[in-house]
Amino acid sequence: MVEYLQTTVGKFLFKVAVDRYYSNDGIWVLREGDQCRLGISDFLQQRSGDVAFIEVKPEGTKVSSGDEFVVIETIKVNISLASPITGTIVTINPLLTTTPEIINQDPFGAGWLVIIKALDWESDHKCLLEPNAYFLRMKAQAEEAAR
Amino acid sequence: MTNNSPVRKVIIIPCSGIGKTYGSVSRESAYEVVENLRPEKTCLVALSLLVMGDKEAHEMMTEHPTITIDGCKLACATKMARASGGMVIKDYAVLDVYRRYRQYKPQGIAELNEGGIQLAHALAEEIALTVDSLTTTNDSSSLKGRAGVDGG
């Protein structure tokens, strides 16, 4: 059972899962052995709006930290997201094609994006935020947006 | 309405989201159906009338099958139609329709871009066919059986 930090800003409730790391951009990283599962945070999905389409780099693609690995088209914006992990994309969530709205419905669970076989976790890890740090950052961004 | 009489009119209720691109698409498609494609078979009911409890609008809801067009996942049109006692035969979500017509990316609000206009047209054509299927049936009881089960 995943536990969450949560805050309400205006009429919106935002959650941050405490069992994973986060990039500054709101991508979560859950380490699973030598692989990392990636997805987007609840705040990022709510701020971006309902997802229409997702384009992910194909399985087998080698990405370096900072490389674009997914483009998400929502009803509001097109967002290009950079991988916080260096490695090879080994699995893409099959639900992204058939039910892209899963990202909005379950961003920390079934709405994950990809699994990357990490090549340099120790270096990448240093650039990621602990859940508490991301929570404070996210809360500040949400409050700023609400003003 | 008897069980063997064809449906005379279908009510169309679009999203009332002003200032939202997908809301605008829903309204443009509704106008096209009601004013151009199937004027003799359809009737537009503004969501605001249901919200304000307009008696005439509520009576119409209970007498005719309804098609709703939602601009976002809040699905206000569908929820309000059902809360008003309406028989929602088909609820369309603009985002789902856009997923089928990715070449028509809607933008703009007060004035839709070409993609938005094309998307509204494509949606209107789908709605018109649904209207035809409702107004040519000889068994309106089957409509009641289907109420609210079709997604957009």
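For this structure, a couple of remarks:
- Within segment B:80-112, the residues that satisfy the criterion of being in contact with a helix residue (DSSP H, G or I) (Cβ under 9 Å, 6 or more places away or on another chain), farther than 20 Å from B:Leu47 by Cβ and either buried (at least 22 other Cβ atoms within 10 Å of the Cβ) or of a type outside the set (Ser, Thr, Tyr) (or both) are B:Tyr98, B:Arg100, B:Gln103, B:Lys105, B:Gln107, B:Gly108, B:Glu111.
- Number of positions in segment B:93-131 that are within 13 Å of chain A (Cβ to nearest Cβ) and not in a loop (DSSP other than H, G, I, E, B): 11
- Filtered residue count, segment A:45-87, keeping only those that are touching a helix residue (DSSP H, G or I) at 6+ places or on another chain (Cβ under 8 Å), away from chain B (no Cβ under 14 Å) and within 24 Å of A:Phe14 (Cα to Cα): 3
- Hits in segment B:9-25 (condition: within 19 Å of B:Met60 (Cβ to Cβ) and in contact with a Pro (Cβ under 9 Å, 6 or more places away or on another chain)): B:Lys9, B:Val10, B:Ile11
- Screening A:Arg20 against (1) away from every other protein chain (no Cβ under 14 Å); (2) in contact with a Lys or Arg (Cβ under 6 Å, 6 or more places away or on another chain) leaves a single unmet condition, (2).
- Test set (1) within 14 Å of chain B (Cβ to nearest Cβ); (2) surrounded by 17 or more Cβ atoms within 10 Å (Cβ to Cβ); (3) without any contact (Cβ under 8 Å) to a residue 60 or more places away in the chain - A:Lys11 fails condition number: (2)
- Test: B:Ile67 is surrounded by 23 or more Cβ atoms within 10 Å (Cβ to Cβ) and modelled with pLDDT of 95 or more: yes
- Scan of segment A:93-125 for residues that are buried (at least 21 other Cβ atoms within 10 Å of the Cβ) and of a type in the set (Gly, Ala, Ser), ordered by number: A:Gly111, A:Ala118
- Qualifying residue in segment A:44-62 (condition: touching an Asp or Glu at 6+ places or on another chain (Cβ under 6 Å) and touching a residue at least 60 places away in the same chain (Cβ under 8 Å)): no
Residue-by-condition table, conditions (1) farther than 26 Å from B:His121 by Cβ; (2) in contact (Cβ under 8 Å) with a residue 24 or more places away in the chain; (3) among the charged types (D, E, K, R):
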position: B:Glu28; (1), (2), (3): no, yes, yes
position: B:Val34; (1), (2), (3): no, no, no
position: B:Arg38; (1), (2), (3): no, yes, yes
position: B:Lys41; (1), (2), (3): no, yes, yes
position: B:Leu44; (1), (2), (3): no, yes, no
position: B:Ser48; (1), (2), (3): no, yes, no
position: B:Glu56; (1), (2), (3): yes, no, yes
position: B:Glu59; (1), (2), (3): yes, no, yes
position: B:Ile67; (1), (2), (3): no, yes, no
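The values are calculated or read from the model by the stated rules, or taken from the named source; none is laboratory data. Please read these numbers as outputs of a predicted model, since none were measured by experiment. Here the Cβ is made from the backbone with ideal geometry for all residues, glycine too, and neighbour counts use every protein chain on show.
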